[in-house]
Amino acid sequence: MAEHSLRAEGISATLDLAVGHIADLTIALDGRTLQPLHRAPWIDTPDLPAGLPAGQARLSGDFLCAPFSSSDVEEAPLHGWPANSAWELLSDEPFDGGRRASFRLQRKVMGATVKKTLVLRDGHPFLYQEHSFTGGAGAISAAHHPITEMRDGGRLAFSPKRLAATPDGAPEPDPVRGESLLAYPARSTDLTRFPTANGRTIDLTCYSASLRHEDFVTLVEAFHGGMGWTAVARAAEQDVVLVLKNPSEFPVTMLWISNGGRYYAPWNGRSGVLGIEDGRTVLGHAASLGDNWLKREGVETTFPLGGTVTFRQIIGALPSESGEAPSLVAGAEGKLRLSFADGTSRMVPFDDGFLRIGTST
C-alpha cells in the first residue's frame, strides 16, 4: 500500500494513503525513541473477516472520522470516507523550521472537498494536524481517532471536564462475543467514580492492565477558556502521550477502552488499546444532526458546511519514568509545560498559537 512520510529534526510521521491513517509517528528525544500511536496487528494479514471496512482492516494511529461512528445520512463505511478511502498528496515542502505536507481526500463528504495538512517542526515532539472542509451542504459530525497502546496500563489526566457519560447501549452486550465493564447509560461528574454494570464504580483515570473489557465513554469539556488536553502516562512504555485540542472546535473527548473485551476476529481478545477521540459529535451522523443529549447540555455536535471550515489537533509524547500523569498541561511563549503533583515540571518546544485558543470555528 502507498504511504507518504515526512521528517523534521527528532520526529517523523507516515500517512497510509489508502485510508488516511497515521501509520507511524516516531519521536527521538532524550536518547529515547518513542512511538505513541498503535497500529493494528492484523494489517496486511490474510483471512480478515468478510465485509470489514477498510478503516478497520488498516486501523492505525490516528485518522479523521467524518461523520463519527455510523454514516447513516450519506452512505459510507463506519467513520466515513475520510477513514476508509484514498488520499492523494498535494504538496510536501519546507515550512518554518520543519516540513508541511498536504493531502486531499479523493472522495467528497456531503459534497465538500476535504484536505489534511500535517506539520512537523524541528525539535518539537509533536505532530500538528489541520483538516478543512470546503463547500458541500448540510452539516457533518467529526472527530479525530488517536489510538495508543497500553501494554501494561497507565494513568490518565485531562483538562477540566464537566461530566462523563456512556451511551444507551454497551459496545459488547453479548457475553459470547465480548464484555463491557461500565454501566450503560450512566453519567458522573467525578471521573474517579464512574458507575459499573455490577453496581460499583471505577476510576476512569486509571487504565488497568488486568481488567478485560470493551467500553466507550464521552467526557464533556468544562468551561475553562484554555487548551483541551489528555495526557496518558504509559507504564510499560515509560512515556507520556499527549493529545491536545481547542475545546471550541472539539468540545468532547471520547475514550475507547479496548482491553481484550472483544473475542471475535480481527480483535481476538487482544489487549491494551486506548482511543482518545476528540470530536464534535455524538454516535452517528443522523443523531448528531438531530436532537441529542449533548445538545441538551449546550454542546454543538456538527460543523456547518457550505463555506470553509477548519479544525486542528496535536499529538505528541515525552519520555517519563515516573508513571504519573501531569496535573497541568499549558502552552506559552513557544513552550509546553507539564506540571506534576510532586512539584516537578517539564518544558519542551511547542507552537502555542497553532490551536487558536480563544477563537471558534
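A few comments on the model shown:
- Counted residues, the range 289-334 - those being under 21 Å from Val243 (Cα atoms) and more than 22 Å from the chain's Cα centre (by Cα): 5
- Search result, residues across the range 349-360 that are out of contact with any Phe, Trp or Tyr (no Cβ under 7 Å at 6 or more places or on another chain) and in a loop (DSSP other than H, G, I, E, B): Asp352, Gly353, Leu355, Arg356, Ile357, Gly358, Thr359, Ser360
- All strands (runs of 3 or more DSSP E) inside the range 137-240 with 1 or more residues being without any contact (Cβ under 8 Å) to a residue 24 or more places away in the chain and surrounded by fewer than 19 Cβ atoms within 10 Å (Cβ to Cβ): 186-188
- Tally, over the range 36-48, of residues that are surrounded by 11 or more Cβ atoms within 10 Å (Cβ to Cβ) and free of Cβ contacts under 8 Å to residues at least 60 places away in the same chain: 2
- Scan of the range 283-298 for residues that are closer than 22 Å to Asp215 by Cβ and of a type in the set (Gly, Ala, Ser), ordered by number: Gly284, Ala287, Ser288
- Qualifying residue in the range 340-348 (condition: among the aromatic types (Phe, Trp, Tyr), in a strand (DSSP E or B) and in contact with an Asp or Glu (Cβ under 8 Å, 6 or more places away or on another chain)): no
- Test: residue in the range 30-43 that is among the polar types (S, T, N, Q), farther than 27 Å from Ser141 by Cβ and in contact with a Leu (Cβ under 7 Å, 6 or more places away or on another chain): yes
- Taking the criterion of being of a type in the set (A, V, I, L, M), part of a strand (DSSP E or B) and loosely packed, with under 14 Cβ neighbours inside 10 Å, the only residue of the range 1-35 that qualifies is Ala28.
- In the range 49-97, the qualifying residues are those that are out of contact with any helix residue (DSSP H, G or I) (no Cβ under 7 Å at 6 or more places or on another chain), within 30 Å of Glu9 (Cα to Cα) and among the small types (Gly, Ala, Ser), and the one that is surrounded by the most Cβ atoms within 10 Å (Cβ to Cβ) is Gly61.
- Residues (at pLDDT below 95, on the phi > 0 side of the Ramachandran plot and either of a type in the set (A, V, I, L, M, F, W, C) or in contact with a Lys or Arg (Cβ under 6 Å, 6 or more places away or on another chain) (or both)) located in the range 76-114: Gly97
The values are calculated or read from the model by the stated rules, or taken from the named source; none is laboratory data. On a predicted model such as this, the values are computed, not experimentally measured, just so you know. Reconstructed Cβ throughout: ideal geometry from the backbone, glycine too, with neighbour counts over all protein chains shown.
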